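Take a look at the structure below.
The values are calculated or read from the model by the stated rules, or taken from the named source; none is laboratory data. Treat the numbers as computed from the prediction; the structure is a model and nothing was measured. Glycine gets a Cβ as well: all are built from the backbone with ideal geometry, and neighbour counts include every protein chain shown.
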Amino acid sequence: MMETSRNKIENKILKSSRGELFFAEDFKSFATPENIRLTLFRLENAGLIERLAHGIYIKPKKDPLLGTVYPNIGEIAKEIAKRDRARIAPTGVMALYLLGLTTQVPLKAVYLTDGSQREVKIGNRTIKFKRTVPKSFAIKDELLHLIVQAFKEKGQQDITEDFLETIKKTVKKLDEKVMKNQVIYTPVWIQKQINNLYQS
């Protein structure tokens, strides 16, 4: 029985693409949690997969110069959200980084979620899922959400001309429908800034 379940797990991984993420739960129809854990442990020792965090594995993608190429924190966060059937939205420094407003890759990426609150450690980085109210997801447009989070991270008192000039290019990329229907869900002070930049 164990051999059969092991073969099923191994075959699923072998057929997958390099760089693909797996969760221990992906194999729950094949074996018991204990058997899954043992099989994944053996496959990790055999070099077929690598463990990124508790219950999260990757089929490594190798580069001749760089070695193993790992997915970025954002990709891992999206996969975790997909597994949990939860919505997530980046905040803080992660939002600034995704908009190209900082080159510093955050060691702690914070995401709002309507799923479970938790922290996942991936090497020296951490993904924090912060439980929030459903109205935090009133903004459906991803770009607008990032812009709003960037303003919040800076804070109303610390908005500089340099910051406004830099984010202006991004604001100009917003769709007219988004400006009309979704900007109303942002805090009033941010609404004013976005509208001024969009119209300037």
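Which condition breaks for residue 33 when tested against (1) in contact (Cβ under 8 Å) with a residue 24 or more places away in the chain; (2) at negative phi?
Failing condition for residue 33: (1).
Look through region 80-138, keep the residues that are among the β-branched types (Val, Ile, Thr) and assigned to a helix (DSSP H, G or I), and return whichever of them is farthest from the chain's Cα centre (by Cα).
Taking region 80-138 first, the residues among the β-branched types (Val, Ile, Thr) are 80, 88, 91, 93, 102-103, 105, 110, 113, 120, 122, 126-127, 132-133.
Applying the additional criterion that residues be assigned to a helix (DSSP H, G or I) yields 80, 93.
Values: 80: 8, 93: 13 Å.
Checked region 80-138; the qualifying residue farthest from the chain's Cα centre (by Cα) is 93.
Out of (1) in a helix (DSSP H, G or I); (2) closer than 29 Å to residue 69 by Cβ; (3) without any contact (Cβ under 8 Å) to a residue 12 or more places away in the chain, what's the single condition that is false for residue 157?
Condition not satisfied by residue 157: (2).
Working only within region 46-77, note down all residues that are assigned to a helix (DSSP H, G or I) and either modelled with pLDDT of 95 or more or buried (at least 17 other Cβ atoms within 10 Å of the Cβ) (or both). Steps first, answer last, please.
Step one: filter region 46-77 for residues assigned to a helix (DSSP H, G or I), giving 73-77.
Matches in region 46-77: 73, 76, 77.
Consider only pairs whose beta carbons are under 7 Å apart and that are at least six residues apart or on different chains; among these, list those whose first residue lies in region 73-92 and is assigned by TED's automatic domain parsing to the domain that holds residue 25 and whose second residue is surrounded by fewer than 18 Cβ atoms within 10 Å (Cβ to Cβ) and among the aromatic types (Phe, Trp, Tyr).
No pair meets every condition.
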